[in-house]
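Working notes for the structure below.
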Amino acid sequence: MLPPKTTKKIIYLDHAAATFLDPKVKQAMEPFLASEYGNPSALYSKGLIASKAIASSRKIIATIIGARPNEIIFTAGGTEANNLAILGLAKKHKMPQHFIATTIEHSSVLKSLDALVGEGHKISLINVDKEGFVDFDKLKKEIRPQTVLISVMYANNEIGSIQPIAEIGKWLTRINNERTRKNLNRIYFHTDACQAAGVLDVNVNHLGVDFMTVNGSKIYGPKQVGFLYVRSGVELEPLIYGGGQERGLRSGTENVAGIVGMATALELAQQNKEKENIRLLKLRDRMFKNLKASIKALRLNGPGLNNKILNRLPNNLNLSFSGIEGESLLLYLDSYGICVSTGSACDTNSLEPSHVLSAIGLKNKDIKSSIRITLGKNNSIEEINYVAKILSQLVKELSKVKTPN
Ligand SMILES: *Cc1c(COP(=O)(O)O)cnc(C)c1O
């Protein structure tokens with residue numbers, strides 16, 4: 001039987017949607033939310049304190065990603081950074097260009113590309129296989145003389161599949177050398193690393209990328225802050241005009257506290273990633289094993305769980321429970337204080353079934369019966385065992401309600 005419902009203690013398992021603010025990050029931000037309110041553009045010392053904080057954050061981030069400080073453009077989050085890379089590059093060209101991305105990109109990439117279609121640009125979306133990995137051969141065949149950008153996300157927010165960014169980067173370097181000989185333009189490479197920044201190597205030279213998007217809110221930092229790495233020499237047109245901050249690419253008074261918080265968060269996450277990845281992977285696999293043992297109609301969506309190769313984010317589980325509505329499960333779990341998300345109405349703004357689950361071949365009914373569980377650094381083995389128990393019992397109860405067919 002199910003234990004009594006309680007929402008007294010929250011078990012938060014939706015870290016791909018948002019993470020809590022790490023106490024150390026909060027501490028680093030606090031002065032800039034209170035006493036250090038100077039405008040970073042001001043010339044007196046109170047302004048200088050703010051501009052120095054931005055400069056040192058920029059340096060911390062640049063060191064971590066192997067870039068130069070002036071290659072970092074701070075934005076108001078991952079969505080804006082993705083828009084800036086795609087629309088900012090398109091605005092640089094008078095003639096229609098060709099853009100390539102995958103079918104499982106974040107909506108901020110897909111919708112930016114959609115917006116370009118109306119302006120005469122051409123878009124190719126490359127499919128992924130059943131596990132959610134980009135079809136590299138198809139990608140290779142898709143490039144054209146007019147191609148200016150390839151955008152491939154580093155790790156997927158729904159199914160956790162990790163794309164071979166470094167491999168694509170190496171191949172593209174070769175292609176670009178050939179193109180230079182043929183007097184063709186360079187093809188730029190963008191990766192949306194929002195889900196990867198706290199987990200994987202984000203060195204832009206190892207990856208071979210010209211643009212990289214990172215945000216604060218997925219790495220235990222603040223929301224509405226992010227950055228776009230822009231390789232030196234690559235020209236973009238701004239999307240926001242004004243006082244000329246961020247080398248003119250992103251005007252507006254800087255979010256000083258947010259920037260300091262994001263830099264601190266990235267530093268913390270990168271320092272601890274090896275140990276934390278192993279811990280999360282063990283918890284995640286334990287959760288799956290427990291569920292698999294008690295639920296017959298359980299299906300894992302996305303890459304297979306494999307201890308040896310990091311091909312799936314270590315905190316990600318995406319599951320379908322045949323015949324049971326994911327949304328019912330979500331609401332029942334919520335009544336036990338457990339937070340997960342679904343693949344159908346992944347956010348309350350959209351009733352569309354997940355484009356990612358559909359891209360890996362799930363039928364609508366399996367998408368409707370899916371939930372996403374993403375673990376985080378405060379989750380314990382006790383929580384995992386408890387959630388697996390509640391979830392198994394909920395699935396049992398809910399399948400009884402259903403008439404067998
Ligand atoms: C969250 C997320 C975004 C959007 O970032 P915001 O900071 O919410 O604008 C973009 N891409 C991926 C992969 C994400 O997970």
Exercise. Tell me, which residue of region 1-34 that is in contact with a helix residue (DSSP H, G or I) (Cβ under 7 Å, 6 or more places away or on another chain) and β-branched (V, I, T) is nearest to L319 (Cα to Cα)?
Worked result: I11
For this session: Just name the residue that is farthest from the ligand (Cβ to nearest atom) out of those in region 14-38 that are of a type in the set (S, T, N, Q) and loosely packed, with under 13 Cβ neighbours inside 10 Å.
Result: S35
Exercise. Residues in region 72-79: is at least one in contact (Cβ under 8 Å) with a residue 12 or more places away in the chain, closer than 30 Å to L375 by Cβ and touching a His at 6+ places or on another chain (Cβ under 6 Å)?
Worked result: no
Seminar exercise, completed: Selection over region 1-38 where residues are closer than 30 Å to H106 by Cα and part of a loop (DSSP other than H, G, I, E, B) yields a count of 10
Exercise. Among L113, L125, which is the only one that is within 15 Å of the ligand (Cβ to nearest atom) and either open to solvent by 20 Å² or more (accessible area, probe 1.4 Å) or assigned to a helix (DSSP H, G or I) (or both)?
Worked result: L113
Exercise. Quick check, is I165 of a type outside the set (G, A, S), within 16 Å of the ligand (Cβ to nearest atom) and surrounded by 15 or more Cβ atoms within 10 Å (Cβ to Cβ)?
Worked result: yes
Exercise. If N83 passes every condition in (1) outside any helix (DSSP H, G or I); (2) within 16 Å of the ligand (Cβ to nearest atom) but one, which one does it miss?
Worked result: (1)
For this session: Please enumerate the residues belonging to region 39-78 that are surrounded by fewer than 23 Cβ atoms within 10 Å (Cβ to Cβ), assigned to a helix (DSSP H, G or I) and not aliphatic (A, V, I, L, M).
Result: S45, K46, G47, S51, K52, S56, R58, K59, T63, P69, N70
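The values are calculated or read from the model by the stated rules, or taken from the named source; none is laboratory data. Predicted model, so just to flag it, every value in this text is computed and none were measured. All Cβ positions, glycine included, derive from the backbone under ideal geometry; neighbour counts span all protein chains shown. Please note that ligands, DNA and RNA were not included when accessible areas were found on the heavy atoms of the full protein model with its side chains. Shrake-Rupley method; radii C 1.70, N 1.55, O 1.52, S 1.80 Å.
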